[in-house]
Amino acid sequence: MLAAYLRLSGFFGLVVERSIALARTPISLLAVIIVASGVLSALFVNDVVCLVLAPLVLQVTKRLRLPPVPYLLALATAANVGSVATVTGNPQNMLVASFSGIGYRQFLLREGPIAVIGLACVFAVVWLTYRRELRTTMAPHAIESVTVHYPLMTKTLVVVAVMLVAF
C-alpha cells in the first residue's frame, strides 16, 4: 500500500528524473539502478520493489535510448541481493528473525555488509556481461515536468519513517 501511495503522489516520477540527472553515462545509470533497488529492497519486500521500479526502468531506458535488458536484470538481481540486509527485505528474513529472536538492528549489522558486497558483485557481473551494450552514449534528454502531490507524498514518507523506526 505504501508503494501505491508513493506512486500516486509522484514520488517515483521524481526518482526517475533524479536518476536521469545523476546518470551521465550508461554505466553510472546501471550503478544508480543497482543502489536504488538494493536499498529500497532492504526497506520494503523485494517483490514490491521490482514491481514498482520495473516500469520506471523501462521508462528511463526508453527516454535515453538504451537497451533495457541489462538494467532490468540489474534491478531484479539487486532487489534480491539487497533484500538480504534487513528483516523486512523478504519473507524468509521475517521468519528467521521471528523464530530466532534477532532484532532489526542486529540483523542489519550482520547482513548489511553481505548485501553491500553482493550489490558490488551484481554490478560487476552485469557490467562484464553487457559491457558492449553499455558502451553506447546516452541520448540527449530533456527534463520532464513531474506532477507531484506533496501532501500525499509527505504523509506517506512519514508513515514509512515511523514504520522503519518501529522495526
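Do we have Val84 as within 25 Å of Met1 (Cβ to Cβ) and within 16 Å of the chain's Cα centre (by Cα) here?
yes
Can you say whether Ser28 is free of Cβ contacts under 8 Å to residues at least 24 places away in the same chain and among the small types (Gly, Ala, Ser), as far as the supplied structure shows?
Against the criterion (free of Cβ contacts under 8 Å to residues at least 24 places away in the same chain and among the small types (Gly, Ala, Ser)), Ser28 qualifies.
Is there a residue in region 93-100 that is closer than 20 Å to Leu51 by Cβ and either surrounded by 16 or more Cβ atoms within 10 Å (Cβ to Cβ) or hydrophobic (A, V, I, L, M, F, W, C) (or both)?
Of all residues in region 93-100, those closer than 20 Å to Leu51 by Cβ come to 93-94.
Adding the requirement that they be either surrounded by 16 or more Cβ atoms within 10 Å (Cβ to Cβ) or hydrophobic (A, V, I, L, M, F, W, C) (or both) leaves 93-94.
Yes, the conditions are met somewhere in region 93-100.
Which one is farthest from the chain's Cα centre (by Cα), of the residues in region 101-115 that are among the hydrophobic types (A, V, I, L, M, F, W, C) and surrounded by 13 or more Cβ atoms within 10 Å (Cβ to Cβ)?
Step one: of region 101-115, the residues among the hydrophobic types (A, V, I, L, M, F, W, C) are 102, 107-109, 114-115.
Next cut, surrounded by 13 or more Cβ atoms within 10 Å (Cβ to Cβ) only: 102, 107-108, 115.
On the way: Ile102: 25, Phe107: 20, Leu108: 17, Ala115: 13 Å.
Ranking the qualifying residues of region 101-115, first place goes to Ile102.
Which number in (1) in contact with a Leu (Cβ under 7 Å, 6 or more places away or on another chain); (2) farther than 25 Å from Thr88 by Cα; (3) at pLDDT below 90 marks the one condition that Val16 misses?
(2)
For region 60-141, please list each of the helices (runs of 4 or more DSSP H) lying entirely inside it that holds at least 3 residues being among the charged types (D, E, K, R) and without any contact (Cβ under 8 Å) to a residue 40 or more places away in the chain. Steps first, please.
Values: elements: 68-82, 91-100, 104-129.
Correct list: 104-129.
Per-residue answers, yes or no, for (1) modelled with pLDDT under 90; (2) β-branched (Val, Ile, Thr); (3) out of contact with any Lys or Arg (no Cβ under 6 Å at 6 or more places or on another chain); (4) more than 19 Å from Phe12 (Cα to Cα):
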residue	(1), (2), (3), (4)
Asn46	yes, no, yes, no
Arg63	yes, no, yes, no
Pro67	no, no, yes, yes
Leu75	no, no, yes, no
Asn80	no, no, yes, yes
Val87	no, yes, yes, yes
Gln92	no, no, yes, yes
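Answer yes if at least one residue in region 45-61 is among the polar types (S, T, N, Q), touching a Leu at 6+ places or on another chain (Cβ under 8 Å), within 21 Å of Met163 (Cα to Cα) and buried (at least 18 other Cβ atoms within 10 Å of the Cβ), and no otherwise.
Looking through region 45-61, none of the residues is among the polar types (S, T, N, Q), touching a Leu at 6+ places or on another chain (Cβ under 8 Å), within 21 Å of Met163 (Cα to Cα) and buried (at least 18 other Cβ atoms within 10 Å of the Cβ).
What is the number of the single condition among (1) touching a Gly at 6+ places or on another chain (Cβ under 8 Å); (2) closer than 17 Å to Ile34 by Cα that Ala97 does not meet?
In the conditions (1) touching a Gly at 6+ places or on another chain (Cβ under 8 Å); (2) closer than 17 Å to Ile34 by Cα, Ala97 misses (2) alone.
Just one of Ile27, Ile33 is in contact with a Phe, Trp or Tyr (Cβ under 6 Å, 6 or more places away or on another chain), closer than 15 Å to Ala120 by Cβ and part of a helix (DSSP H, G or I); which is it?
One residue alone meets the criteria, Ile33.
The values are calculated or read from the model by the stated rules, or taken from the named source; none is laboratory data. These figures come from a predicted structure and were not determined experimentally. Please note: Cβ atoms are built from the backbone with ideal geometry, for glycine as well, and neighbour counts cover all protein chains shown.
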